[in-house]
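Comments concern the structure below.
The values are calculated or read from the model by the stated rules, or taken from the named source; none is laboratory data. What you see is a predicted model, and the numbers here were worked out from it, not measured in a lab. Methodologically, a virtual Cβ is constructed for each residue, glycine included, from the backbone with ideal geometry; neighbour enumeration extends over all protein chains shown.
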Amino acid sequence: MAASPRRTSRSPSPLSSSPPTTAEQPPSARLEEILNSENCIEELSSASEDDLYEDMGTATLEEQANITYLEKVRIPIHDSLTTETSEAQNETLEIILPYLEGNPNDLPLNIFGIPELQRKKHIAFLQQALGDYPGAFALLDASRPWLVYWSLQGLSAMGYDISEYQDRVIHTFSLVQHPSGGYGGGFGQLPHLAATYAAVLSIIMAGGTAAYESIDREKMWHFLGEMKQPSGGFTMAAQGEEDIRGAYCALTVLSLLHIPLELPPSAPARAHGLTTFTDNLGPWISACQSFDGGMSAAPGNEAHGAYAFCALGCLSIMGPPKQTLNAHLDMSALIHWLSARQCSPEGGYNGRTNKLVDGCYSHWVGGCWPIVEAAASTPNLWNRAALTRYILSAAQFKKGGLIDKPGKRADAYHTCYNLAGLSATQHTYTYEETMLEELGGSELDAPYYWKVHGLHGGERVWGDGDVVDEVHPIFVVPFRAVHDCRRYFEDMKSFDRGIARTD
């Protein structure tokens, strides 16, 4: 076989104070299998390819295998119309391809010729993200709960014990809990559902009685009641925007903290005939499905990958995915839209039609597939291996942390959601609907019947050292944190005489 030439590219701390990389391994038999397949491209220097390739000498065996793979997954039809969008896509692809074909960061490779997960570097990066920030970062003060959540979840995904942060988490969120209920983004700020969601997830990851007891559940009940709208949806804040994020954040908190499903007597939505947090919610989510099958923030808006996850997560808290998703969504159209988000040949996802690949959608879209597969009772609807290639090859920042795409800098947000997407590619999640029926679960119990059935048994491009921990497909925190939290709060009484244990 002719040797393949290489392709060339044209503030303060968010928390208030109070395994080594293995040596490079030899190529596996899998690389030989790829290179010796009958579909392998033997010559990449034809006249039609001259503008794409430049002979830089003999590529390594790993690079040859990667180039062969990428050529096999390229979309064969190209639109000759040149637009600003197509130019941006082509420029981006030329930046990304060297990372998918070769190893510009010079990272150790796993047995499949793909860069290993740089676990130590990513842990160090997230530990730094939980430290002090310079004054220029003051603009991120309202994002304090998110910085904590992204960092703690990223550390947990890589198997790091975050117990050392427990006291700081409790102290931090005790200070940003609003007197009227819920959490603000920073000290003295008004409560907001996004900040509340991130705060609650951070607290349950920290775990323990002191952490759980730091949450004022009764005031949280009243805060969430203020956010419930007559349409069925939720606003993000008082007199704020009503969108699907609010519904997902609200139901996550209601479920995890075992807050009564009934609306507080003072909830404005009661004046419109609503009595529970889920009244009108299913039809409202149905109205958020756009003409092309995706999910939008609110009825009539453009479909977006993150809103798809919020919609599916919300419906999966309301009941078993097979029931709720099929009752409220056009599943065929949704699957078509989600599939179209996976970019070729990059392998990662974009968030909207005609947009660029971005590592954060490894979760926002990639994380939709376990839920969709549970609703459709059909496995393997997505290309896990292609997404894994993108995350390990193109989304790892050489100095630590994960990124949107090559050329961008690492941040806690992209680190968290790239790792969540990587976890989804590696693990098989199933929904135990029969167990829910046998045990007779109460309202909003549906998320607690997800199970991990080991590592994915299909095509793999990750080695043992690249495996990250399981992530709960609905709440996006460790399974242990989910079940410890619910076990603690499920014995709580209602709020008619205050919070007290039944025992």
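Here are a few things to note about the model shown:
- Residue count, region 304-331 (criterion: within 13 Å of PRO447 (Cα to Cα) and within 13 Å of the chain's Cα centre (by Cα)): 2
- Residues satisfying the stated conditions in region 344-369, i.e. surrounded by fewer than 23 Cβ atoms within 10 Å (Cβ to Cβ) and part of a loop (DSSP other than H, G, I, E, B): SER344, PRO345, ASN350, GLY351, ARG352, THR353, ASN354, LYS355, LEU356
- Any helices (runs of 4 or more DSSP H) falling wholly within region 213-326 and containing at least 2 residues that are in contact with a strand residue (DSSP E or B) (Cβ under 7 Å, 6 or more places away or on another chain) and buried (at least 21 other Cβ atoms within 10 Å of the Cβ): 217-227, 244-256, 305-318
- Conditions (1) touching a helix residue (DSSP H, G or I) at 6+ places or on another chain (Cβ under 7 Å); (2) surrounded by 21 or more Cβ atoms within 10 Å (Cβ to Cβ); (3) more than 18 Å from MET158 (Cα to Cα): number failed by LEU97: (1)
- Screening region 162-190 for residues that are in a loop (DSSP other than H, G, I, E, B) and modelled with pLDDT of 95 or more and picking the one that is nearest to ASP141 (Cα to Cα) gives GLY185.
- Pairs where the first residue, in region 60-71, is under 13 Å from VAL461 (Cβ atoms) and the second is outside any helix (DSSP H, G or I) and modelled with pLDDT under 90, C-beta under 9 Å, 6+ apart: GLU62/PRO27; ALA65/PRO27; ASN66/ALA59; LEU70/ARG7
- Residues in region 471-492 that are surrounded by 19 or more Cβ atoms within 10 Å (Cβ to Cβ), of a type outside the set (Val, Ile, Thr) and under 14 Å from ALA157 (Cβ atoms): HIS472, PRO473, PHE475, PRO478, ALA481.
- Residue ID - farthest from ALA374 (Cα to Cα), chosen from residues in region 327-351 that are touching a strand residue (DSSP E or B) at 6+ places or on another chain (Cβ under 8 Å) and of a type in the set (A, V, I, L, M): ALA333
- Here is the figure for region 422-457: residues that are acidic (Asp, Glu) and at pLDDT below 90 total 4.
- Checked against the criterion of being among the small types (Gly, Ala, Ser), assigned to a loop (DSSP other than H, G, I, E, B) and under 27 Å from ALA237 (Cα atoms), region 191-208 has at least one qualifying residue.
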